[in-house]
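Data first, discussion second: the structure below is written as structure tokens.
We did not get these values from a lab; they are worked out from the coordinates using the rules stated. As the structure is a computational prediction, the values presented were derived from the model and not from experiment. Note that we place each Cβ from the backbone using ideal geometry, even for glycine, and neighbour counts take in every protein chain shown.
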Amino acid sequence: MSYVRAWVACGSLPVMASFAMMRSLQAYWRSQCFYAGRVLAGPAALPDKVERLGRRLRADTLALLHDSNDAQFILCGQVLETVRGIAPFDDYTRIACDWNMRSRSACLDGWVALGREGRERGLIGSG
């Protein structure tokens, strides 16, 4: 019976984090499509176009991961809070909630550091 209660509770989760992730994905695809169209229509040689598109893809992917980081951790926390108190998952959810709170800022700091290193090496950039 507690499993049924968990499924019903998970179905009623707030969807704000999901909308935030969808907005991040929308910005990612918009950036990719419009930039790719401008680059491919330009007069540059094909190897240069491919290199510019690759740099932009890496930069946009890193921006997507950074921007959706909070929403992903919020959604994970909401799921864990929902199943908290259900006997078979109680120990797991306590540990997972603690991990979620600790790793949120560490993950965000990691994305920022990766972006700095990529920019210094010339691996990412807007082209």
Inset, instruction - Quick one, can you get me the convex hull of the C-alpha atoms of the range 33-96 expressed as volume per residue in Å³? - result: 104
Inset, instruction - Sort the following peptides by mean Cβ neighbour count (other Cβ atoms within 10 Å, averaged over residues), highest first: 21-33, 71-83. - result: 71-83, 21-33
